[in-house]
Structure formats: structure tokens, C-alpha cells
Amino acid sequence: MVEYRNIRIGAVTFRTLLLDAQTTLLRWHVGSTDPNFFAKVPVDAGPAIDWSSEGPPGVVAVFNSGFKQSADAGGSMVDGVALVPLVRGLMTIALDDAGHWEMGVWGSVGFPTQGFRAISYRQNLAPLVLRGSLTPAGKAANWARWGSPLNHQAFEPRSGLGVDAQGNLIYVATMQGVLQSQVGEALIAAGAVTGMQLDINPDWPILGASFAPLHAAGGRFPVQLPHSEHNPSIYETGWTRDFFVALAEPASWSCSWSSRGLTGPADVAQPQPLSLVGVGCTNTTTTTTQPPLG
């Protein structure tokens, strides 16, 4: 479900995490203070892992999201509730009601793909990687367009997110000082063909991954970002900033985890609790730690 390794870009080491597209799903959560629409958000997308819904499949990874809403780095939507308007031309990760993902430039032809029922979106700045190469903006010396580093120092801890040719999701981060171009190079070295920068500065990059699905709070995330200022367990109790939660999803079972999808008016809070769907499924005791269902 998850793979991790270190990648060297020059003198800098990046921690990289790969989420398998066939065996993991992804959900986006808002923080308690950012984006500033907490009251509009369904409880299962709030500032902490929702163990009642996300615990049964099993949490396998958590990691930080993008810039603060006040940075005007793009728009967002969660569980069908629009928080900030989406901006044409910005890189966007889209999640459907089953937790599957797509990444592309908002407003471009073919994104999201036809039939992809997206219920959550998160944008963060312009494209960093497209078609397996750094974009011109990603190469540019004008680092100011890629965030506001502390004390106006261009070299800061940074994180990024990308998708490889097989559709797997790739997270990269380092607590060493880097430019946006080095984040892009790390994404490409990890196999990404499409990529975006996430948050920067020492306080924000956070990563945790487990060797087995966690079904309740108090589990361990042995894979972490070295020298991060926060333990990923903060996502178990609540965090101020938005973040992603990756869950286990078997590839070949007759049952899979999905949310019910949007059923009411647009921009109305509609919780998307996960439940088992498929032939002969039950929602009582089945978890990813059990043998495959027939």
C-alpha cells in the first residue's frame, strides 16, 4: 500500500512516500483555523482523523496540505462544500467519492476525466511538474511566486505532491532549505509525471506512515519526516491546518470502501462516511485485516 525511500537532490535528502493507486484511497481534511470555514465542513472532514469512518478501512498515512487560505494560492472544496473558489490554471488534486485521485491543471481539457465524480478539490499554486519535466515557472529564479519564506530566505523546508505514470500518488518533503525547483526534481526522481508544491517553511511539512492499517487512535507512524517540528500523531487529536489522510483499500476484494456520494443541494454540508460497497457486503465487522471476501 505504501512505499518510502530517501532521494538525494544534490546535497539535500528528500523523504518520499508512494501511495499505491490500487490499494489506497485518500481524503482531505480542513484544519481548525484554516481554511476559515470550519463551521461549514462535515464532521468527517474536520481537523482530526475521523476514526468512526476512517478507522474501519485503516489509516496508512497522513501528510500536510498546501498554503493557508490567506495566501491566495488557489481554491478548495471538501465533500461537495465549496470553501474557496477554484482558480483556472492552477494545479489541482481532485478526489472522488471513493477516495480515488486525479491531478491536473484546473480548466484544462480532460481534467478531471469524464465520469470522475469529484467531491473534493485542493489547489496550490501553478503546476510544478508537467509531462515528467519541470515547468518554466518551476525552473524560474523568481522564487517569490512559490511562497513567502521566513525572513525572505529563498531556501526553506518544502513539500510536494505528484502522480506517476501508473496513477500512484507521491509525496516528497525535506526539512533542509531548498528551492521549488528542487522539490520538482525530487518528484521527478521519484517517478512523478505531474506535480505540485505543497506547504513550505519549518512549521508545516509533516508526514506519518504506518506499516499496517491503523484502526484507532494511539497507533504508531514509524515512517516520518526527519527533523519535522511536529509528530504526525497531531492529526489524531486535531490540527490547525488542512491535511490528507490515506486509507487502505484492497485491490481485488468483492467489497471496497466508498462514501455515499452527494445527494442534496450544492454547497450544503454532506458528511461522506465510508461504508463497504459491492456484492454481498456487510458493514459490521469487515476490515482490511481480514481475509478476502468471496
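The values are calculated or read from the model by the stated rules, or taken from the named source; none is laboratory data. Just so it is clear, the model here is predicted, and its values are computed rather than measured. Here the Cβ is made from the backbone with ideal geometry for all residues, glycine too, and neighbour counts use every protein chain on show.
In this structure, Ile188 qualifies as of a type in the set (Val, Ile, Thr) and out of contact with any helix residue (DSSP H, G or I) (no Cβ under 7 Å at 6 or more places or on another chain).
For beta carbons closer than 7 Å, sequence separation of 6+ or different chains, a first residue in region 64-87 that is at negative phi and a second that is of a type in the set (Asp, Glu) and outside any loop (DSSP other than H, G, I, E, B), the qualifying pairs are Asn64/Asp199; Ser65/Asp199; Gly66/Asp199; Phe67/Asp199. Report whether or not Tyr121 is among the aromatic types (Phe, Trp, Tyr), touching a residue at least 60 places away in the same chain (Cβ under 8 Å) and not in a helix (DSSP H, G or I). Taking the combined requirement at face value, the residue does not satisfy it. Residues of region 123-166 that are among the hydroxyl-bearing types (Ser, Thr, Tyr) and closer than 17 Å to Gly89 by Cβ: Thr135 alone.
Output yes when any residue across region 48-57 is of a type in the set (Val, Ile, Thr), over 15 Å from Val163 (Cβ atoms) and at pLDDT 95 or above, and no when none is. So that I can check it myself, show each step before the final result.
Taking region 48-57 and keeping what is of a type in the set (Val, Ile, Thr), we get 49.
Within this subset, residues satisfying the condition of being over 15 Å from Val163 (Cβ atoms) are 49.
In the following step, the residues that additionally are at pLDDT 95 or above were identified as 49.
For region 48-57, residues of a type in the set (Val, Ile, Thr), over 15 Å from Val163 (Cβ atoms) and at pLDDT 95 or above: present.
Looking only at residues of region 219-229 that are within 17 Å of Thr174 (Cα to Cα) and out of contact with any Phe, Trp or Tyr (no Cβ under 8 Å at 6 or more places or on another chain), we find that the one that is surrounded by the most Cβ atoms within 10 Å (Cβ to Cβ) is Leu225. Considering region 146-164, and only residues there that are surrounded by fewer than 15 Cβ atoms within 10 Å (Cβ to Cβ) and modelled with pLDDT under 90, the residue that is farthest from Val183 (Cα to Cα) turns out to be Asn151.
Any residue in region 232-248 that is at pLDDT 90 or above, exposed (fewer than 14 other Cβ atoms within 10 Å of the Cβ) and not hydroxyl-bearing (Ser, Thr, Tyr)? Checked region 232-248: at least one residue is at pLDDT 90 or above, exposed (fewer than 14 other Cβ atoms within 10 Å of the Cβ) and not hydroxyl-bearing (Ser, Thr, Tyr).
How do the strands (runs of 3 or more DSSP E) wholly within region 142-225 filter down when requiring 1 or more residues that are within 14 Å of Pro127 (Cα to Cα): which remain? Reasoning before the result, please.
Details: elements: 156-164, 169-178, 192-200, 207-214.
In region 142-225, 156-164, 192-200 are the strands (runs of 3 or more DSSP E) which contain 1 or more residues that are within 14 Å of Pro127 (Cα to Cα).
Among the residues of region 24-52, just one is surrounded by fewer than 24 Cβ atoms within 10 Å (Cβ to Cβ), aliphatic (A, V, I, L, M) and touching a Leu at 6+ places or on another chain (Cβ under 7 Å), namely Leu26. Please determine whether any residue of region 53-60 is buried (at least 24 other Cβ atoms within 10 Å of the Cβ), among the β-branched types (Val, Ile, Thr) and under 15 Å from the mean Cα position of the chain (by Cα). Checked region 53-60: at least one residue is buried (at least 24 other Cβ atoms within 10 Å of the Cβ), among the β-branched types (Val, Ile, Thr) and under 15 Å from the mean Cα position of the chain (by Cα). Of all the listed residues (Asn64, Asn36), the sole one being touching a Pro at 6+ places or on another chain (Cβ under 9 Å) and not aromatic (Phe, Trp, Tyr) is Asn64.
Within region 138-175, the residues that satisfy the criterion of being under 21 Å from the mean Cα position of the chain (by Cα) and farther than 20 Å from Ala209 by Cα are Gly138, Trp146, Gly147, Glu156, Ala165, Gln166. Test Val277 against the criterion of being within 18 Å of Leu26 (Cβ to Cβ), in a strand (DSSP E or B), modelled with pLDDT of 95 or more and not basic (Lys, Arg), and give yes or no. So Val277 fails the test. Pairs linking a residue in region 145-162 that is without any contact (Cβ under 8 Å) to a residue 12 or more places away in the chain to a residue that is aliphatic (A, V, I, L, M), with Cβ atoms under 9 Å and 6 or more positions apart or on different chains, are His152/Ala144. For region 94-118, the set of residues classified as in contact with a Phe, Trp or Tyr (Cβ under 9 Å, 6 or more places away or on another chain) and either among the aliphatic types (A, V, I, L, M) or not in a loop (DSSP other than H, G, I, E, B) (or both) consists of Ala94, Leu95, Asp96, Ala98, Glu102, Met103, Gly104, Val105, listed by residue number. In the set Ser133, Ser148, only one residue is small (Gly, Ala, Ser) and closer than 22 Å to Pro35 by Cβ; that residue is Ser148.
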